[in-house]
Amino acid sequence: MNRIQHHHEFVSLASLQYQGQIIAINRMEQLKMTRREILAGAAAVAASPRHATASESTADLVAMSSRANTALMKGDAVTYAAIMKHSCDFTLMQPFGGKVVHGFDPSPDHVASLGAFFKNGDYKQEVIQVISSGDVAVLVTIERQSVEVGGLAKQEWPLRVTLAFLREGGEWHLAHRHADPLVHGIPVEHAAALARGDIGRQSSIKP
């Protein structure tokens with residue numbers, strides 16, 4: 001009986017040891033999973049700031065656009081050019097129509113002539129929509145300004161504007177500006193005359 005009892009005790013002890021090893025292995029696997037989950041969570045947190053700060057980045061962009069254009073409407077093109085960086089392949093569609101302008105000339109002479117074109121202006125930027133994805137952002141705005149333009153008397157100059165920006169080297173650069181003065185709308189006949197170029201040929205006012 002003693003031999004049989006000792007044998008059963010040995011078998012039971014071995015079984016307990018085996019079960020203990022299985023529990024230990026399972027526990028180790030659980031710890032590995034937990035560690036992987038922690039590392040994955042940490043990686044997700046580290047990658048999240050770009051998305052978390054996207055709205056802040058576009059808010060800074062809206063504020064930058066407002067500051068730059070406020071200065072320009074007062075004739076301070078030097079401040080405008082310092083605030084509003086332009087991309088090397090910048091394009092401009094002016095509210096007066098005509099050919100697309102390629103590039104922004106930062107030379108002192110051009111900046112001076114740009115500042116002389118606008119005088120004594122007040123500016124307010126009404127943001128209609130902001131679209132942003134990665135390093136590209138688009139502002140759809142109505143610029144409401146009262147300003148002297150091109151030697152004309154001061155008047156209201158509301159413009160419908162689309163601004164496209166690229167982020168280069170961590171800074172936003174203006175890549176495209178398209179503006180038109182049709183905030184109030186015009187009859188289709190006037191739009192047709194504009195499309196034909198009739199009004200431009202008949203007008204004695206030179207922009």
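Name the residues of region 108-142 whose amide N is less than 14 Å from a point 7 angstrom out from the Cα of residue 178 along the C-beta direction? Output list for this probe position: 138-141.
About the Cα centre of region 54-207, what is the dipole size in debye to 20, counting +1 per Lys and Arg Cβ and -1 per Asp and Glu Cβ, all else neutral? Write out the running numbers ahead of the final one.
Numbers: 14 positive and 17 negative charges, 83 e Å.
Value, rounded to 20: 400 debye.
Accessible area per residue of region 45-184 at 1.4 Å probe, in Å²?
Accessible area per residue, region 45-184: 55 Å².
Excluding residue 87 itself, calculate the net charge of residues whose Cβ lies under 13 Å from the Cβ of residue 87, where each Lys or Arg counts +1 and each Asp or Glu counts -1.
In short, -1.
Over 20 Å apart at the Cα level, from the set 85/119; 99/154; 124/154, are 85/119; 99/154. Evaluating kT/(6 pi eta Rh) at 37 °C and 0.692 mPa s, with the Kirkwood radius of region 55-207 over Cα pairs in the Stokes-Einstein relation, gives 200 µm² s⁻¹.
Which net charge results for the neighbourhood of residue 141, defined as the other residues with beta-carbon distances under 13 angstrom from its beta-carbon, given Lys and Arg at +1 and Asp and Glu at -1? Please list the in-between numbers first.
Working: positive: 124, 144, 160, 177; negative: 126, 143, 180.
Local charge sum for residue 141: +1.
The values are calculated or read from the model by the stated rules, or taken from the named source; none is laboratory data. Not measured: the values here are computed from a predicted model. Cβ: placed from backbone, ideal geometry, glycine included. Neighbour counts: every protein chain shown. Each accessible area value is taken on the protein alone, full model and side chains, heavy atoms only, with ligands, DNA and RNA left out. Shrake-Rupley method; radii C 1.70, N 1.55, O 1.52, S 1.80 Å.
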